[in-house]
Structure formats: structure tokens, C-alpha cells
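The values are calculated or read from the model by the stated rules, or taken from the named source; none is laboratory data. Please read these numbers as outputs of a predicted model, since none were measured by experiment. Cβ sites come from the backbone with ideal geometry, for glycine too, and all protein chains shown count toward neighbours. Note: accessible area is taken over every heavy atom of the protein model, side chains too, but ligands, DNA and RNA are not part of it. Shrake-Rupley method; radii C 1.70, N 1.55, O 1.52, S 1.80 Å.
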Amino acid sequence: MDRLDHFMARANAGYYATHDPYSDFTTAPEISQVFGELLGLWAAVVWEQMARPVPVVLAEAGPGRGTLMADALRALRQAAPDFAAALRLVLIESSPRLRALQAERLPDATWIDSVADLPPSPFILFANEFLDALPIRHFVRRGTGWTERFVGDGRFHERPAAAPPNLPPAAEGQVMEIGEAARSVAAALAGRVVAHGGAALIIDYGPASFAPGESLQALRGRQPADPLARPGEADLTAHVDFGAMADAATAAGAAVHGPLAQGKFLTRLGLYPRSHALARGAGPARAAALIEAAQRLAEPDRMGSLFKALALCPPALPTPPGFEP
Ligand code: SAH
């Protein structure tokens with residue numbers, strides 16, 4: 001029997017080591033090249049705001065196929081050659097299989113296992129749909145106390161537990177989902193931007209502040225599946241609690257910008273003008289696909305409002321692009 005977070009960590013490590021995740025789900029950089037391009041230009045502006053440190057680390061956590069970073073680099077090489085010349089590419093990836101895929105597109109990168117291994121230098125980091133893959137814990141209100149969920153034989157078991165502090169009042173049987181691993185990543189990134197200078201841009205899906213309830217889900221073959229059955233054969237994710245990310249980062253001394261709805265963030269960075277410009281140079285089918293992709297990323301009833309952007313910066317850095325009030 002495994003505690004839920006240990007089960008999820010093992011299941012996802014197995015899954016990412018053996019599967020092409022994109023046969024089960026798609027992500028913003030795979031939907032439109034403009035996503036990565038806008039993030040590349042965002043990083044170039046932030047590098048200017050940081051007073052152009054040389055060298056600077058451009059990092060990504062959980063780069064998947066490397067699409068976001070390849071699009072970002074293409075855009076910033078054009079628009080910001082000084083930044084392109086100054087940067088060293090660092091990818092945080094635990095799956096050897098995905099590292100090999102990333103190396104085909106980003107041969108100049110250095111790979112590390114975790115945020116803790118980032119070099120002690122100024123950096124700009126992207127994390128798109130990374131935190132949702134990190135393990136969560138489930139606490140259940142029972143009587144006047146709490147139990148914690150474990151997994152065995154494909155189902156949940158509960159054991160009495162000391163719940164984390166500051167949980168809101170809960171009704172009998174109410175589940176509280178705690179993303180401990182994501183919180184430590186946010187705290188570690190915040191500590192690093194304060195110590196070395198830089199910015200971390202987190203984009204993921206989840207509520208702007210803590211919401212009781214559970215969001216653990218599994219996708220197998222693009223279909224929802226039982227998260228507790230056949231560990232390692234489905235992608236397990238949970239919503240990211242942006243309130244908790246912001247609190248963890250603030251406690252570590254960083255300035256927090258957002259969370260801001262992805263639709264608003266990308267629109268402010270120029271999603272539509274850039275998509276229309278590309279569409280003008282494309283054939284009719286590709287042009288329609290580019291506009292449809294922009295709408296999918298930005299419209300509130302699609303990915304525009306469940307997905308959110310959060311930036312962690314040193315307090316002295318000006319507000320990064322897109323996060324202006
Ligand atoms: N950012 C990409 C991929 C998201 S899938 C995109 O937008 O398409 C999640 C990615 O995080 C995969 O690359 C996966 O291998 C990686 N990953 C998951 N858990 C990890 C962990 N604990 N440490 C490092 N990388 C991890």
C-alpha cells in the first residue's frame with residue numbers, strides 16, 4: 001500500500017519513461033507555435049528588465065517534446081540576438097525517453113533532474129503543464145479529525161493522519177487535495193529568483209485560490225481512465241492550486257505576479273496579431289487552423305480561463321510583460 005503521492009510519483013515516472021504522452025494529451029505549445037514564440041519574447045523583455053545579465057540561463061521544467069523551447073528560441077533569435085547569444089539552455093527532465101526527444105530539437109541544451117540542480121546564476125524559467133504532473137496528497141475529514149488516502153489493490157484506503165495546518169472547515173467525508181511537491185517547487189524557484197535574479201513563469205490549469213475537493217485524473221488514449229488502475233499506463237494529473245503557489249513563493253521572498261487567466265495573458269502578449277500575421281502568409285487551411293488554435297488557447301470556455309499564468313520575480317524587478325494591472 002502506497003500513500004497517494006508516492007503512488008502518483010511512481011505511476012508518472014513509469015508512464016513518462018515508457019509512453020509518448022502526446023498520444024494521450026495535447027498541450028498549448030503543440031496547439032500553436034505562437035505560444036512558444038510569445039514566451040520567448042516575454043523572456044527577452046524580462047532579460048532587459050534584469051539589466052541584461054551575461055550569461056543567463058534559459059530553463060524549462062518538463063519540456064515534453066521541446067516544442068515550446070524550439071519556438072521560443074526561433075522567435076528570440078530574430079527579435080533579441082543579444083539575449084540569444086547570452087543564454088545557456090537548461091532543461092529539467094526526469095524521463096530519459098523525453099530527454100532523447102528533446103535532444104533532437106534542442107541539441108545545445110544541458111539536462112538536469114530537478115529545480116534544485118539549477119546552476120547558481122540569473123535565470124528565466126518556463127514551466128508549462130509541469131506542476132500538474134507532480135504528486136498530490138488527499139486528506140479526508142472523518143469525525144473531528146482527518147485521514148489520509150493510500151492506494152492498494154486499485155482503490156483508496158484511509159489511515160488516520162495529522163492533516164497539514166490551515167485547512168478550511170470541512171464537512172464529513174470532504175476531501176482536501178494538497179500539492180506538496182508543487183509547493184516545494186514554487187518555493188525553490190522563488191528562493192532562486194531572489195538569490196540569483198531572474199523570473200519563473202508558471203502556466204498550468206487549476207483554481208486561483210484553494211478549493212476543497214479532488215481533481216486527480218488519468219488520461220489513457222485521450223480518454224479519462226481510472227487513476228488507480230494500471231499505474232504507469234496513464235498520465236496522472238491534478239489541478240494546480242495557484243493560491244498555494246503564490247503563498248509558497250511569497251513566503252520565500254519573491255514578488256508574485258498573477259495568477260492571470262491564460263487567455264488574458266496571451267492576448268496581452270499579442271496572440272491574435274501574431275496569429276493573423278502568420279495566417280496571412282499561409283494557405284487557407286493553415287490560416288484557419290492558426291486562428292482556431294489561438295481561439296482554443298484564449299477563449300474562456302476553452303483553455304483561456306482554467307489555464308493561468310503566474311510569474312515569480314525578485315521584488316525589485318519591474319512587472320513582467322502581460323502582468324500589468
Ligand atoms: N511542458 C510540456 C510537457 C508537459 S508533460 C508541454 O507543454 O507540452 C510533463 C513534462 O514534465 C514531461 O516532460 C515529463 O517527463 C516531465 N516531468 C514530470 N514529472 C517530472 C519530475 N518530477 N521531474 C522532472 N520532470 C518531470
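Only residues that are outside any loop (DSSP other than H, G, I, E, B), within 13 Å of the ligand (Cβ to nearest atom) and touching a strand residue (DSSP E or B) at 6+ places or on another chain (Cβ under 7 Å): list them for region 107-152, please.
Those that are outside any loop (DSSP other than H, G, I, E, B), within 13 Å of the ligand (Cβ to nearest atom) and touching a strand residue (DSSP E or B) at 6+ places or on another chain (Cβ under 7 Å): Trp111, Ile112, Val115, Leu125, Phe126, Ala127, Asn128, Leu131, Asp132, Ala133.
Consider region 185-222. How many of its residues are open to solvent by less than 40 Å² (accessible area, probe 1.4 Å) and of a type in the set (Phe, Trp, Tyr)?
The qualifying residues number 1.
With the requirement that a residue be among the small types (Gly, Ala, Ser) and either in a loop (DSSP other than H, G, I, E, B) or near the ligand (Cβ under 8 Å from one of its atoms) (or both), what does region 1-11 give you?
Answer for region 1-11, where residues must be among the small types (Gly, Ala, Ser) and either in a loop (DSSP other than H, G, I, E, B) or near the ligand (Cβ under 8 Å from one of its atoms) (or both): just Ala9.
Condition check ((1) in contact (Cβ under 8 Å) with a residue 40 or more places away in the chain; (2) outside any helix (DSSP H, G or I); (3) of a type in the set (A, V, I, L, M, F, W, C)) across all residues:
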| residue | (1), (2), (3) |
| --- | --- |
| Phe265 | yes, no, yes |
| Pro273 | no, no, no |
| Ala288 | no, no, yes |
| Ala293 | yes, no, yes |
| Lys308 | yes, yes, no |
| Pro318 | yes, yes, no |
| Pro321 | yes, yes, no |
| Pro325 | no, yes, no |
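Looking at region 12-30, I want the residues that are within 8 Å of the ligand (Cβ to nearest atom) and have a partner that is of a type in the set (Phe, Trp, Tyr) with Cβ atoms under 6 Å, at least 6 apart or on another chain. Which pairs are those?
Within 6 Å, the pairs are Ala28/Phe35; Pro29/Phe35.
Being out of contact with any helix residue (DSSP H, G or I) (no Cβ under 6 Å at 6 or more places or on another chain) and modelled with pLDDT of 95 or more is the requirement here; does Arg268 meet it?
Judged against the criteria, Arg268 is a match.
How many residues does region 153-170 contain that are part of a loop (DSSP other than H, G, I, E, B) and charged (D, E, K, R)?
Of the residues in that region, 1 qualify.
Please go through region 118-142 and give me each residue that is open to solvent by less than 10 Å² (accessible area, probe 1.4 Å) and either free of Cβ contacts under 8 Å to residues at least 40 places away in the same chain or hydroxyl-bearing (Ser, Thr, Tyr) (or both), ordered by number.
Selection gives Phe139, Val140.
What do you reckon, is Arg274 of a type in the set (Lys, Arg) and surrounded by 19 or more Cβ atoms within 10 Å (Cβ to Cβ)?
When the stated conditions are applied, Arg274 passes them.
Suppose we keep only residues that are open to solvent by 10 Å² or more (accessible area, probe 1.4 Å) and among the polar types (S, T, N, Q) within region 238-270. Which one would you say is farthest from Pro320 (Cα to Cα)?
By that ranking, first place goes to Thr250.
Residues are listed down the side, and each one gets a yes or a no for (1) touching a residue at least 60 places away in the same chain (Cβ under 8 Å); (2) open to solvent by 10 Å² or more (accessible area, probe 1.4 Å):
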| site | (1), (2) |
| --- | --- |
| Trp42 | yes, no |
| Val54 | no, yes |
| Arg65 | no, yes |
| Met69 | no, no |
| Arg74 | no, yes |
| Ala85 | no, yes |
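With a cut-off of at least 2 residues that are closer than 16 Å to Ser121 by Cβ and more than 12 Å from the ligand (Cβ to nearest atom), name the helices (runs of 4 or more DSSP H) lying wholly within region 39-106.
Output list reads 81-86.
Quick test for you: out of Pro165, Pro107, pick the one residue that is under 23 Å from Ala182 (Cβ atoms), more than 16 Å from the chain's Cα centre (by Cα) and open to solvent by 40 Å² or more (accessible area, probe 1.4 Å).
It is Pro165.
Residue by residue through region 87-104, note down the ones that are among the charged types (D, E, K, R) and surrounded by fewer than 17 Cβ atoms within 10 Å (Cβ to Cβ).
Arg88, Arg97, Arg99, Glu104
What are the residues in region 291-303 that are under 18 Å from Gly258 (Cα atoms) and either at pLDDT below 95 or touching a Leu at 6+ places or on another chain (Cβ under 7 Å) (or both), if any?
Within region 291-303, Leu297, Ala298, Met303 meet the criteria.
Considering only region 231-263, how many residues are more than 30 Å from Tyr16 (Cα to Cα) and assigned to a strand (DSSP E or B)?
Number of matching residues: 3.
Kindly list, by first and then second residue, each pair from a residue in region 211-230 that is touching a residue at least 12 places away in the same chain (Cβ under 8 Å) to a residue that is open to solvent by 50 Å² or more (accessible area, probe 1.4 Å) and acidic (Asp, Glu), limited to pairs with Cβ atoms under 8 Å and residues at least 6 apart or on different chains.
Pairs found: Ala218/Asp226; Arg220/Glu233.
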